[in-house]
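Undergrad: Have a look at the structure that comes next, please.
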Amino acid sequence: MSLKITPLENVGAEVSGFDINQPMTEALKKELQARWYEYGILLFRNQDITAEKQIEFSRVFGPLEMHPLKATTSEAYPELFVLENGGEKDRFFTASYNGEEIVGRLDWHIDLHYTGRPNHGALLRAVVVPENDGLTGFGDLAKAYDALDEDTRALLEKIEVVYSFCMQRRHMRYVDLEGYQPGPHSPRKPSDMNFPDFPDSVYPAVITHPVSGRKVLGIVEQFLNRVVTPQQVGLSNDEAIELLQMLVEHTRKPEFHYFHQWTEGDMILWDNWRAMHCATGTRPGVRRLINRTTIKGDVTLGRVLTSE
Ligand SMILES: [Fe+2]
């Protein structure tokens, strides 16, 4: 197999000339790993893929992790996390955005950010996908860091930020709440969904990627809560809030994003230590099924907050 790499618009790359059903040599595995670190987001199309193949392919990039939110893993394959729209669980994930009902919309986030130990990466495979609905967005936070000015970079080197897990979107401080109304069945606390709760986690505002060494902006809107004691770097609490607002706006710039409209047979692998992602959600009743495998994080990027 000879791979062809075509950069996507703005961020990430499409890999063509790849067939998941062909035997993989060690050289090919090494090349795929190198491209993953180079681009952060890799798209493969037209793959005739089974659950077993997805699990085997994902292991090229590291050992796999079971997700802590057990409710949505596959019974037959515990390594598979099933993302399903169009079923009976929709009512919990339905909310109103500017008067329109949307199922499963997710703000920009990093998976398992709230644990202090995000997984290294993940792979999504389209199993059943609607047309013109249910996009997944990916954002490159290494590129977002590179675009910051020198003064901001220097300030961020001295700052830590707190992420606070919560179930209610309206309690998240830095997501865009304009026009948002929770649905009548939106969960209010983790136990409503049989989820555990999580204590606050803390991260440097600039993360050095453990493998590539690239600097990555550690600011993502979902669960972002506050700067740790901003006065230590000469910022008032108000200035710290304004700084986080400015940085979140920065990460929302389209030049750092790639939005994928799924076709069956597509799969996307991303580096969760570098790229954030989001889901646009689907119209009520629309069926969408995506299978995710998760590559374990063997490095702790953040820490659980015990004292402040
Ligand atoms: Fe996610």
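What follows is calculated from the coordinates using simple rules that are stated; it is not laboratory data. These figures come from a predicted structure and were not determined experimentally. Using ideal geometry, Cβ is built from the backbone for each residue, glycine included, and neighbour counts are taken over all protein chains shown.
Undergrad: Could you give each residue of region 107-124 its phi-based ³J(HN,Hα) in whole Hz, using Karplus coefficients 6.51, -1.76, 1.60 with θ = phi - 60°, and x for Gly or Pro?
TA: These are the phi-based 3J(HN,Hα) values: 5, 4, 7, 10, 4, 6, 4, 5, 8, x, 9, x, 4, 5, x, 7, 10, 10 Hz.
Undergrad: Moving to a separate point now. Out of Ser212, Phe256, Ile241, whose Cα points farthest toward the positive end of the dipole of region 197-256 (charges: +1 Lys, Arg; -1 Asp, Glu; placed on Cβ)?
TA: Checking the options against the dipole of region 197-256, the answer is Ser212.
Undergrad: Let me ask you something else. Please list, in order along region 282-295, the HN-Hα scalar couplings obtained from phi with the Karplus expression 6.51 cos²θ - 1.76 cosθ + 1.60 (θ = phi - 60°), rounded to whole Hz, x for Gly and Pro.
TA: 10, 5, x, x, 7, 8, 8, 9, 10, 9, 10, 10, 10, 9
Undergrad: According to the Kirkwood expression over distinct Cα-Cα pairs, how big is the hydrodynamic radius of the chain, in Å?
TA: Values: mean 1/r = 0.0498 Å⁻¹.
So the Kirkwood estimate lands at 20.1 Å.
Undergrad: Something else now. I want the local charge near His109. Using Cβ-Cβ distances under 12 Å, sum +1 for each Lys or Arg and -1 for each Asp or Glu among the other residues. If you can, show how the numbers build up before the last one.
TA: Values: positive: Arg105, Arg169; negative: Asp107, Asp111, Glu221.
Here the charged neighbours net out to -1.
Undergrad: Amide H of Arg214 versus every other amide H placed in the peptide plane: which residues, excluding those fewer than 5 positions away on the same chain, fall under 5 Å?
TA: It is His209, by chain and number.
Undergrad: Evaluated at 4 °C with a viscosity of 1.567 mPa s, what Stokes-Einstein diffusion coefficient in µm²/s does region 79-202 have when Rh comes from the Kirkwood expression over alpha-carbon pairs? Working shown, then result.
TA: Numbers: Rh = 17.3 Å.
Here the translational diffusion coefficient equals 75 µm²/s.
Undergrad: Which value in deg cm²/dmol, rounded to the nearest 500, describes the helix-derived mean residue ellipticity at 222 nm for the chain, given -39,500 (n - 2.57) per DSSP H run of n ≥ 4 and division by the residue count? Could you put the intermediate results ahead of the total?
TA: Details: 5 runs with 50 residues, N = 308.
Dividing the helical sum by the residues of the chain leaves -5000 deg cm²/dmol.
Undergrad: Still on this structure, I have one more. Provide the FRET efficiency to the nearest 0.05 for the Tyr37-Glu264 pair, computing r from the beta carbons and using R0 = 22 Å. Before the final figure, lay out each step's value.
TA: Numbers: r = 28 Å, r/R0 = 1.27.
With a Förster radius of 22 Å, E is 0.20.
Undergrad: Let me ask another. What number, in percent, do you get for the relative contact order of region 4-297 if the mean sequence gap of Cα pairs under 8 Å and at least 6 apart is divided by its residue count? Write down the numbers at each step before the final one.
TA: Values: 610 pairs, mean separation 108.8, N = 294.
Rounded, it is 37 percent for region 4-297.
Undergrad: For the residue pair Met193 and Ala147, what label-to-label distance in nm results when each label sits 7 Å from Cα along the Cα-to-beta-carbon direction?
TA: Modelled inter-label distance: 2.9 nm.
Undergrad: With +1 assigned to the C-beta of every Lys and Arg and -1 to the C-beta of every Asp and Glu, and no other charges, what is the dipole magnitude of the chain about the Cα centre in debye, to the nearest 20?
TA: Details: 33 positive and 44 negative charges, 104 e Å.
The calculated dipole for the chain is roughly 500 debye.
Undergrad: Can you tell me the Rg and the Dmax, both Å, for the Cα atoms in region 176-267?
TA: Gyration radius and largest Cα-Cα distance of region 176-267: 17.5, 52 Å.
Undergrad: Still on this structure, please answer the following. What spacing in nm lies between the two simple spin-label points modelled at Thr229 and Lys30, each 7 Å away from Cα in the Cβ direction?
TA: With each label point 7 Å from Cα toward Cβ, the separation is 4.7 nm.
Undergrad: Another one. Enumerate the amide H contacts of Val161 below 5 Å, restricted to partners 5 or more residues apart or on another chain; note that Pro and chain-start residues carry no placed amide H.
TA: Answer set, sorted by chain and number: Tyr203, Ala205, Val228.
Undergrad: Taking θ as phi - 60°, what are the ³J(HN,Hα) couplings along region 167-173 by the Karplus curve (6.51, -1.76, 1.60), each to the nearest whole Hz, with x for Gly and Pro?
TA: With coefficients 6.51, -1.76 and 1.60, one gets 7, 9, 4, 5, 8, 7, 7 Hz.
Undergrad: Using amide H atoms built 1.01 Å from N in the peptide plane, name the residues 5+ places from Gly137, or on other chains, whose amide H lies under 5 Å from its own.
TA: HN-HN under 5 Å from Gly137: His260, Cys278, Ala279, Thr280.
Undergrad: For region 5-101, with only Lys/Arg (+1) and Asp/Glu (-1) charged at the beta-carbon, what is the dipole magnitude about the Cα centre, in debye rounded to 20? Each step should come with its number before you reach the end.
TA: Values: 9 positive and 17 negative charges, 55 e Å.
Computed charge dipole of region 5-101: roughly 260 debye.
Undergrad: Sticking with this structure for a sec: Distance cut-off 29 Å, Cα to Cα: go down the list Lys30/Lys158; Lys53/Lys189; Lys89/Lys143; Lys4/Lys89; Lys29/Lys296 and report the pairs above it.
TA: Values: Lys30/Lys158 35 Å; Lys53/Lys189 36 Å; Lys89/Lys143 36 Å; Lys4/Lys89 40 Å; Lys29/Lys296 17 Å.
Long pairs (Cα-Cα over 29 Å): Lys30/Lys158; Lys53/Lys189; Lys89/Lys143; Lys4/Lys89.
Undergrad: Within region 78-115, name every residue whose backbone N is under 16 Å away from a label modeled 7 Å from Cα of Glu178 along the Cβ vector.
TA: 97-100
Undergrad: Go through Tyr174, Pro118, Thr152 and say which Cα lies farthest out towards the positive end of the charge dipole of region 4-297; charges sit on Cβ, +1 for Lys and Arg, -1 for Asp and Glu.
TA: It is Pro118, whose Cα lies furthest towards the positive end.
Undergrad: So which chymotrypsin sites (Phe, Trp or Tyr not before Pro) in region 144-205 pass both tests, a DSSP loop state and at most 16 other Cβ atoms within 10 Å of the Cβ? Intermediate values should be presented prior to the final figure.
TA: Details: sites: Tyr145, Tyr163, Phe165, Tyr174, Tyr180; in loops: Phe165, Tyr174.
Sparse-neighbourhood loop chymotrypsin sites (Phe, Trp or Tyr not before Pro): none present.
Undergrad: Let me ask another. With both bridge residues required to lie in the chain, what share of the DSSP beta bridges run antiparallel, to the nearest 5%? It would help to have the intermediate numbers written out before the result.
TA: Numbers: 58 of 61 bridges.
Close to 95 percent.
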